[in-house]
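Structure, as structure tokens:
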Amino acid sequence: MISVSHLTRTFGSLRALDDVSFEVARGEVVGFLGPNGAGKTTAMRILTGYLPATAGSARVAGFDVLTQSLEVRRRIGYLPEAVPLYREHRVSEMLEFQARLHALPRRERAARIARVLEQVGLADRRRDLVGNLSRGLRQRAGLAVALLPDPEVLILDEPTSGLDPIQRLEVRALIQALRAEHTVLLSSHILPEIEAVCPRVIIVDQGRIRADGTPDELVTRLAGASHVRLEALVGPDAEGARRALGALRGVRAVHDRGRLGIHHAFDVVCDEDLREDVGALAAARRWALRELSWRRPTLEQLFARIALGAGDDGTLLEPGGSARTPAAPSAAAGAPVALSLAPAAGPPSGPAAPPASAPVSSPQAARVVYNLNPFDRGATRSLSVPKAVEEPGAGPDGAAGR
Ligand code: ATP
């Protein structure tokens, strides 16, 4: 339905699009993802006939966007980022005017307008002045305009930008409902939104396509830094623990994430979920566990990796303090990258001082206690041995095994 071949667009010395090619099949919903200045709007404007390409070609429903522009426009509903609406019109008047521009037969207009107003949830606001609508409702009005000619293709440039979370959810639900009847190309920098709505994602950065696939495929194929997170009492020989973890079959690397209170954190980088192997090692070494989890990178982290660059060990993907600081995008890269990394939830940036009740240094020092639950009125249990084999009464108050 959409065929883009070696599309390039320059503005002076800036290559806003650089040799971009992709296909979108009929009925597909594709998310166009990229930081500010990546070239998303430029591509959409070329597809909708608002901007000529410098080189390359694009076809919509088999028609060339440059030489058969009218045919293309008949088949495309375009919601630009800044929705151009007639503020002094009432909603229904504006749609009536648009229907005339689209040369919809007079006898069909009323029914068509009623249908799109219903679709976008503006039926009860048809008498409102467009200028008096809230931003979210204006966005819906823009979508109504785009839907009016019942286009085969919908091109939506950041349809939820500037909306509050509730409005965003509503517009998202609306787009999901539209998927059944239209081919949709949707741009956004809101990754959860893209993940929720688009089975396929094209990531662009600095005018080039960096990745194309389902969110799951992209994360699996490109992120490459899935890991088991282990937090445990490993004693003073953290380096020995790190080596032991590194010796497990299937482990590609082990990153020491430092101490978290009395526990030590490691990321065991592996392609498969090795929690059982890591757990078995922890049991054999009598490391009391606080966390053993399997972590896969998210689309957001993958995107940050593509847009900002990261080491092969995937350190950027880890939202901990020990990840390397992403390089600031250069001026040549266009506008600043807008995406943030996942919220910091990892270890503190500096090595934490051991707590007053020092962690166990070996399986022999099994009397160290640690109160896990602030509501259990000071009850304690030893974390130096796994709960199942802990001796009764090991805690100072006899509350062992809690
Ligand atoms: P955003 O997410 O911020 O909307 P985008 O991915 O849509 O960004 P584009 O609007 O396509 O990015 O812009 C790509 C690059 O081309 C940017 O560096 C932008 O400044 C530049 N650009 C776009 N339109 C023009 C223009 N008419 N004249 C000069 N430069 C332009």
Being more than 10 Å from the ligand (Cβ to nearest atom), over 30 Å from H102 (Cβ atoms) and not small (G, A, S): is that true of D64 here?
no
Every residue from the stretch 164-212 that is at positive phi and open to solvent by 10 Å² or more (accessible area, probe 1.4 Å):
Q206
If you scan the stretch 102-129, which residues turn out to be at negative phi and not in a helix (DSSP H, G or I)?
H102, L104, P105, L122, R126, R127, D128, L129
Residue list for the stretch 162-187, filter: modelled with pLDDT of 85 or more, out of contact with any Cys (no Cβ under 9 Å at 6 or more places or on another chain) and within 16 Å of the ligand (Cβ to nearest atom)
L185, S187
Single unsatisfied condition, P159 versus (1) within 16 Å of the ligand (Cβ to nearest atom); (2) touching a Lys or Arg at 6+ places or on another chain (Cβ under 8 Å):
(2)
Hey, does the stretch 235-252 have a residue that's of a type in the set (A, V, I, L, M, F, W, C), surrounded by 16 or more Cβ atoms within 10 Å (Cβ to Cβ) and in contact with a Ser or Thr (Cβ under 9 Å, 6 or more places away or on another chain)?
no
Would you mention how many residues in the stretch 1-16 are more than 10 Å from the ligand (Cβ to nearest atom), more than 12 Å from P52 (Cβ to Cβ) and open to solvent by less than 80 Å² (accessible area, probe 1.4 Å)?
5
Those residues of the stretch 23-38 which are more than 15 Å from the ligand (Cβ to nearest atom), on the phi < 0 side of the Ramachandran plot and not β-branched (V, I, T), in sequence order
E23, A25, R26, E28
Given the condition buried (at least 16 other Cβ atoms within 10 Å of the Cβ), out of contact with any His (no Cβ under 6 Å at 6 or more places or on another chain) and under 30 Å from S5 (Cβ atoms), answer yes or no: does some residue in the stretch 120-142 qualify?
yes
Select, from P159, P149, the only residue that is closer than 25 Å to E71 by Cβ, assigned to a loop (DSSP other than H, G, I, E, B), open to solvent by less than 10 Å² (accessible area, probe 1.4 Å) and in contact with a Leu (Cβ under 9 Å, 6 or more places away or on another chain).
P159
Report, ordered by the first and then the second residue, all pairs with beta carbons closer than 8 Å, sequence separation of six or more or different chains, a first member in the stretch 35-53 that is basic (K, R), and a second member that is near the ligand (Cβ under 6 Å from one of its atoms).
K40/G34
Matching residues, the stretch 60-99, being touching a helix residue (DSSP H, G or I) at 6+ places or on another chain (Cβ under 8 Å), open to solvent by 40 Å² or more (accessible area, probe 1.4 Å), outside any loop (DSSP other than H, G, I, E, B) and of a type outside the set (F, W, Y):
R90, E96
Please indicate, with yes or no, whether at least one residue in the stretch 251-266 is over 28 Å from L33 (Cβ atoms), among the aromatic types (F, W, Y) and touching a Leu at 6+ places or on another chain (Cβ under 8 Å).
yes
Considering only residues of the stretch 199-256 that are within 16 Å of the ligand (Cβ to nearest atom) and assigned to a loop (DSSP other than H, G, I, E, B), which is modelled with the highest pLDDT?
G207
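The values are calculated or read from the model by the stated rules, or taken from the named source; none is laboratory data. Every value quoted in this text rests on a predicted model; they were computed, and no experiment measured them. Cβ sites come from the backbone with ideal geometry, for glycine too, and all protein chains shown count toward neighbours. For accessibility, only protein heavy atoms count, side chains too; no ligands or nucleic acids. Shrake-Rupley method; radii C 1.70, N 1.55, O 1.52, S 1.80 Å.
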